[in-house]
Amino acid sequence: MASKTTVLTLPEDELVHPGNRACAGCGLSIAYRIALKALGRDTILVVPPSCLTVLQGLYPIAATQLPCLNVTFASTAAGATGVLGALRALGNTSTTVAAWAGDGGTSDIGIQALSGACERGEDFIFFCYDNEAYMNTGVQRSGTTPQGAITTTTPFSGKRQQKKDVPSIIAAHGIGYVATASASYPLDLFDKIKKAKTMSGPRYFHIHIPCPAGWGFEPRYAVKLGRMAVESGLFDLYEIENGKWRLTGASRKLIGGKRRPVKDYLETQSRFKGLSEKRIDKIQKEIDAKWDGYEQAMGAQKDIAGPDAE
Amino acid sequence: MKPRGIRELDAGPVITNPGNSILIKTGSWRSFMPVSLKENCINCLFCWLYCPDMAVKVNDGKMDGFDYDYCKGCGICALECPGKKGKKAIVMQEEDK
C-alpha cells in the first residue's frame, strides 16, 4: 500500500476556485476541493442538480476549470455512461469520469441509473456526498436522512424511518471498490480516491458532509461535527476492495477503543431537537449492536483489517 | 462582476470561461474575520486543509495570512487551529472593529 498522504504532501494545485456560492462552513466545499486534487486535471465531471451545482456556480459562473456536464436529476450515472461512450469513440482511455451527486440524487432519484451503470460495469467513479437531506432545495427529507432528524418535510418529532444504507446497496452489485469517507477526514478521502483511480470499473464513494444550514449548527463546528459522527460510531469509514471489507483510519481506531456517546453528537444540532431520551438510547443501542457485529467479524477473520495497521 | 443582460449571454447554457467565480468576492458575506497571530503559529496547515473557500494563503510551506476577498468567515480555521502551548494562532474578530 502506498504511503499515506499528509497535509504537507497534498498537491497545492487548486482545481476549485474561491468565490463559489457554497454557504460559509460548507463541508462539501472541503471534500470537493480535496477530491479534485486527488482526481487531477484530466477529469470530466457529471453533476445533477444539487448543492454542488450551486457551489460550482449559478450560470454564468463556474467555480472549477474542469469540464463539467450538468444533467437532469435522475440521470447522473446515465450521463456519465454517455461521456464514457464519447471518450471511447475518441479512443481516449486516460480521462477519469467522475459523477458527483447528492444523497437525494443517489439514494432516491438517481438510484436506478446508478444501479444500471454498476451492473453494466461502466468505468467511472461515482461520488455521493451525503449531507443527509435535500439541502439545496430547502432541507427536505431524503432516503439517507437519519432517524430522528427534523427536516421541513418530517413530523416535528423528526424522521421516523431509519437511514438508507446506500454503500451496502451499491456494494451488493459486486463492484470493485466501494468506500465511505468524511469531509472531516480529507486525507483519508484523498488516499481512497488515489487508490480508486488506479482501478477500473465502477467505483463508489459515499462522503459524509456536515451541513451548517440544514443541520442547525454554527458554521465553525462543521469539521468538528463530522469528526464526532465518526468518533461516536454513527458513520463508519470503511472500504470494500474486491469484496474485502475493512475499516479505515479513525473508524479502525474505534475497534477495541472507546466510542463517544452518540448523545454528544445529537445534541449539538437543532435538527435532533425532537429526540426524546428514550429514542437517543435506542439509537445508541443500535450503534452498539452494529459495532459488536464489527468486532465479532474482526475476531472471526483477523486479517480483515489487514497487516498494514497504523 | 457586472451582470450581463440576456442578449449579452452566450448562446446555450454553456460557460465558456470556467473558473470565473474568482470575480465574485464572497468576502462581503463575512461578519467575523479570522486574524492570524504569527507568534503562535506552528505551520501545521490545518487551516489551509480545512478551509472551504481556499482563503488561506500558503507560501513556501508556511501559513501566510488570509485572502479576505473570499473568506466567508465561517471560523473553521480558528476552531481547528491547534496553536502553540494552548494559544490559538487564529482568532475570530468582529468585522469593522
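With the condition kept exactly as written, say whether any residue in the stretch A:170-178 is closer than 26 Å to A:Q284 by Cβ and in contact with a helix residue (DSSP H, G or I) (Cβ under 9 Å, 6 or more places away or on another chain).
No, there is no match, as no residue in the stretch A:170-178 is closer than 26 Å to A:Q284 by Cβ and in contact with a helix residue (DSSP H, G or I) (Cβ under 9 Å, 6 or more places away or on another chain).
Taking A:R220 as meeting all but one of (1) part of a helix (DSSP H, G or I); (2) more than 30 Å from B:I76 (Cβ to Cβ), write down the number of the exception.
(2)
Considering only helices (runs of 4 or more DSSP H) fully contained in the stretch A:97-204, which possess at least 2 residues that are β-branched (V, I, T)? Break it down into steps so the answer makes sense when it comes.
On the way: elements: A:111-120, A:166-171, A:186-197.
The helices (runs of 4 or more DSSP H) meeting that bar are A:166-171.
Within the stretch A:8-33, can you find the residues that are facing chain B (nearest Cβ under 8 Å), assigned to a helix (DSSP H, G or I) and closer than 15 Å to A:L66 by Cβ?
Passing the criteria: only A:R33.
Which residue out of B:P52, B:P34 is within 11 Å of chain A (Cβ to nearest Cβ), outside any strand (DSSP E or B), of a type outside the set (D, E, K, R) and surrounded by 12 or more Cβ atoms within 10 Å (Cβ to Cβ)?
One residue alone meets the criteria, B:P52.
Please verify whether B:F46 is more than 8 Å from every other protein chain (Cβ to nearest Cβ) and surrounded by 14 or more Cβ atoms within 10 Å (Cβ to Cβ), treating the condition exactly as stated. Give the steps one after another, and end with the answer.
Values: more than 8 Å from every other protein chain (Cβ to nearest Cβ): no; surrounded by 14 or more Cβ atoms within 10 Å (Cβ to Cβ): yes.
Criteria not met by B:F46.
Taking the condition of being surrounded by 15 or more Cβ atoms within 10 Å (Cβ to Cβ) and either in contact with a Phe, Trp or Tyr (Cβ under 8 Å, 6 or more places away or on another chain) or closer than 25 Å to A:Y238 by Cα (or both), how many residues in the stretch A:262-285 meet it?
The qualifying residues number 11.
If we scan the stretch A:85-96, do we find a residue that is surrounded by fewer than 17 Cβ atoms within 10 Å (Cβ to Cβ), touching a residue at least 24 places away in the same chain (Cβ under 8 Å) and closer than 18 Å to A:A171 by Cα?
no
Mind listing just one residue for me: the one in the stretch B:1-13 that is among the aliphatic types (A, V, I, L, M) and facing chain A (nearest Cβ under 9 Å) and, of those, farthest from A:G19 (Cα to Cα)?
B:L9
From B:N59, B:N20, B:N40, which residue is surrounded by fewer than 19 Cβ atoms within 10 Å (Cβ to Cβ) and at the interface with chain A (Cβ under 8 Å from one of its Cβ atoms)?
B:N20
Could you list, in sequence order, all residues of the stretch A:32-49 that are touching a helix residue (DSSP H, G or I) at 6+ places or on another chain (Cβ under 6 Å) and over 18 Å from A:Y204 (Cα atoms)?
Hit for the stretch A:32-49 is A:P49, nothing else.
Taking the residues in the stretch A:266-279 that are touching a helix residue (DSSP H, G or I) at 6+ places or on another chain (Cβ under 8 Å) and either free of Cβ contacts under 8 Å to residues at least 40 places away in the same chain or not in a helix (DSSP H, G or I) (or both) as candidates, determine which candidate is farthest from A:G226 (Cα to Cα).
Going through the stretch A:266-279, the residues touching a helix residue (DSSP H, G or I) at 6+ places or on another chain (Cβ under 8 Å) turn out to be A:266, A:268-272, A:275.
Imposing the further condition that a residue be either free of Cβ contacts under 8 Å to residues at least 40 places away in the same chain or not in a helix (DSSP H, G or I) (or both) reduces the set to A:268-269, A:275.
Values: A:T268: 11, A:Q269: 12, A:L275: 20 Å.
Among residues in the stretch A:266-279 that are touching a helix residue (DSSP H, G or I) at 6+ places or on another chain (Cβ under 8 Å) and either free of Cβ contacts under 8 Å to residues at least 40 places away in the same chain or not in a helix (DSSP H, G or I) (or both), the one farthest from A:G226 (Cα to Cα) is A:L275.
Since every read-out is calculated from the coordinates, none of them should be taken as a lab result. Quick caveat: nothing in here was measured; it's all calculated off a predicted structure. Note that we place each Cβ from the backbone using ideal geometry, even for glycine, and neighbour counts take in every protein chain shown.
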